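Note sheet for the following structure.
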């Protein structure tokens, strides 16, 4: 049991902004952000007793005394401690118990092994984006798609959750279901063309885009903030939103979902690390079975690898 306003062990991540409730309970923190964006992100993982509770950030001074209320504006948050309070009184506040989505990195099959929906997904993203939609990088002249992947925003492995929550409503693509799948997971609205290294960060929710904050601003987790990333990452590629073809424009709702997952992963404070699976030099099945979460990993692997087949089966049965 930690003492009031005591900073707990933070899973090896270095942080310089710390949030507490009015009783000194730790609520975790983000990397350096503006006060307005920080408050907007806190809404993703903080819970309150009543809906639409009005809450404020207050800076804490020496001896954890409340110093001043932090205005929600474009000024960057200073390193320090902050309490989540009502205007004049403490609030009951807690961290959401929403479970995080965990993904696996599955090698993309060669062209000769692609199903119709996989080929449509890949080719549509190549025509729309041309190069990595985040870094702007492409392959080499003789192999323009070398190291450039067709990446799903919402993972195929989470098909059951997609169906249960009715997320297909976020995709308005009217293309033949045999090409985008009955639940539209293979629509280009659910994809971006990404450099292979960017794809890893995107899959692990270490990099995300918020359509709400000057569309195209990317949030990068603190652990990779100092990486040598190109300046073009600061602006979303307008090619992903062709004005004359809504069937091909990236879905802002799906980007919001991905951004929400990134906040939970990097800011919630009870984050689950990505599965540590290094298949190099070993049999993938043996490596998975030796993992303490083998059942969950195997389910994700199978769903990812067989997702295109399952969708085609549903299409055939519906005819």
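The values are calculated or read from the model by the stated rules, or taken from the named source; none is laboratory data. This is a predicted model, so every value here is computed, not measured. Note: ideal-geometry Cβ built from the backbone for every residue, glycine included; neighbour counts use all protein chains shown.
Quick notes on this one:
- Looking across segment 36-75, the residues that are part of a strand (DSSP E or B) and closer than 19 Å to residue 6 by Cα come down to 46, 57, 58, 59, 60, 66, 67.
- Subset of segment 119-138 [part of a loop (DSSP other than H, G, I, E, B), under 22 Å from the mean Cα position of the chain (by Cα) and buried (at least 17 other Cβ atoms within 10 Å of the Cβ)]: 131, 132, 133, 134, 135
- Test: residue in segment 99-118 that is part of a strand (DSSP E or B), under 27 Å from the mean Cα position of the chain (by Cα) and under 23 Å from residue 260 (Cβ atoms): no
- When 180, 134, 153, 148 are checked against the criterion of being modelled with pLDDT under 90 and on the phi < 0 side of the Ramachandran plot, a single residue qualifies: 134.
- Count of segment 95-107 residues which are surrounded by 15 or more Cβ atoms within 10 Å (Cβ to Cβ) and either in the same structural domain as residue 42 (by TED's automatic domain parsing) or modelled with pLDDT of 85 or more (or both): 1
- The selection criterion, being touching a strand residue (DSSP E or B) at 6+ places or on another chain (Cβ under 9 Å), under 20 Å from residue 265 (Cα atoms), at pLDDT 80 or above and surrounded by 12 or more Cβ atoms within 10 Å (Cβ to Cβ), does not hold for residue 19.
- Condition check for residue 196: within 25 Å of residue 266 (Cβ to Cβ), surrounded by fewer than 19 Cβ atoms within 10 Å (Cβ to Cβ) and touching a residue at least 24 places away in the same chain (Cβ under 8 Å): yes
- The set of residues from segment 139-176 being in a helix (DSSP H, G or I) and farther than 19 Å from residue 203 by Cα comprises 163, 164, 165, 168, 169, 170.
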